[in-house]
1. Being out of contact with any strand residue (DSSP E or B) (no Cβ under 8 Å at 6 or more places or on another chain) and without any contact (Cβ under 8 Å) to a residue 40 or more places away in the chain is the filter here, so list the residues in the range 116-134 that pass it.
2. Is it the case, given these coordinates, that E52 is charged (D, E, K, R), modelled with pLDDT of 95 or more and surrounded by 12 or more Cβ atoms within 10 Å (Cβ to Cβ)?
3. Report, ordered by the first and then the second residue, all pairs with beta carbons closer than 6 Å, sequence separation of six or more or different chains, a first member in the range 1-30 that is among the aromatic types (F, W, Y), and a second member that is not in a strand (DSSP E or B).
4. Of all residues in the range 82-114, which are closer than 20 Å to P13 by Cα, in a helix (DSSP H, G or I) and under 14 Å from the mean Cα position of the chain (by Cα)?
5. Hey, any hits in the range 65-78 for a residue that's in a helix (DSSP H, G or I) and either of a type in the set (A, V, I, L, M, F, W, C) or surrounded by 12 or more Cβ atoms within 10 Å (Cβ to Cβ) (or both)?
6. So which residues in the range 95-119 are of a type in the set (V, I, T) and at pLDDT below 95?
7. Taking the range 81-129 as the region of interest, how many residues are exposed (fewer than 15 other Cβ atoms within 10 Å of the Cβ) and under 22 Å from I42 (Cβ atoms)?
Amino acid sequence: MENLFIEATSTTPKIEFYPNKNLFEISGSSRPEDVRIFYQPILNKLEQFRAEITNKEYDYNDNPFVFNFKFNYFNSSSAKFILDILIEINNYFIDEINIQVNWFFDDGDDDMKEVGEELTEMLDIQPQYIMIVK
């Protein structure tokens, strides 16, 4: 599967998806004008990759696939698609793919941590919450 890199803009987050390095990272602010146009291709890529690795013998036991969420802001429209991404990541877990989910938040931004907890509370995955101290 090919890498996916989308540079951040003033309204969209940076996306880094490197299947050969076991890394998906989303960072920055998310308030795109059309969230579906921005997020649907990313979600499709994650679904395609899961299907690809589920059908092959991949061993992530020693080196889990890491999903990093490093938002400093996202609006409610983005939250729906972020939840969709987390549900897809949960499907990786259900398919017994070794994953690690990290939810980063700035020191003092307890709201961002709580949003991460709320988005994942009904899923099987248990993210690590990592405070960024500046």
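The values are calculated or read from the model by the stated rules, or taken from the named source; none is laboratory data. What you see is a predicted model, and the numbers here were worked out from it, not measured in a lab. So basically every Cβ, Gly included, is an ideal-geometry build from the backbone, and we count neighbours across all protein chains shown.
1. To start, the set of residues in the range 116-134 that are out of contact with any strand residue (DSSP E or B) (no Cβ under 8 Å at 6 or more places or on another chain) comprises 118-119, 121-124, 133.
Answer for the range 116-134, where residues must be out of contact with any strand residue (DSSP E or B) (no Cβ under 8 Å at 6 or more places or on another chain) and without any contact (Cβ under 8 Å) to a residue 40 or more places away in the chain: E118, E121, M122, L123, D124, V133.
2. Details: charged (D, E, K, R): yes; modelled with pLDDT of 95 or more: no; surrounded by 12 or more Cβ atoms within 10 Å (Cβ to Cβ): yes.
Criteria not met by E52.
3. Sorted first by the residue in the range 1-30, then by its partner, the pairs are Y18/N3.
4. Once the filter is applied, which keeps residues that are closer than 20 Å to P13 by Cα, in a helix (DSSP H, G or I) and under 14 Å from the mean Cα position of the chain (by Cα), the range 82-114 yields I82, L83, D84, I85, L86, I87, E88, I89.
5. From the range 65-78, those in a helix (DSSP H, G or I) are 76-78; that's our starting set.
Keeping just the survivors that are either of a type in the set (A, V, I, L, M, F, W, C) or surrounded by 12 or more Cβ atoms within 10 Å (Cβ to Cβ) (or both) gives 77-78.
Yes; the residues of the range 65-78 include at least one that is in a helix (DSSP H, G or I) and either of a type in the set (A, V, I, L, M, F, W, C) or surrounded by 12 or more Cβ atoms within 10 Å (Cβ to Cβ) (or both).
6. Of all residues in the range 95-119, those of a type in the set (V, I, T) come to 97, 99, 101, 115.
Of everything in the range 95-119, those that are of a type in the set (V, I, T) and at pLDDT below 95 turn out to be I97, I99.
7. 6
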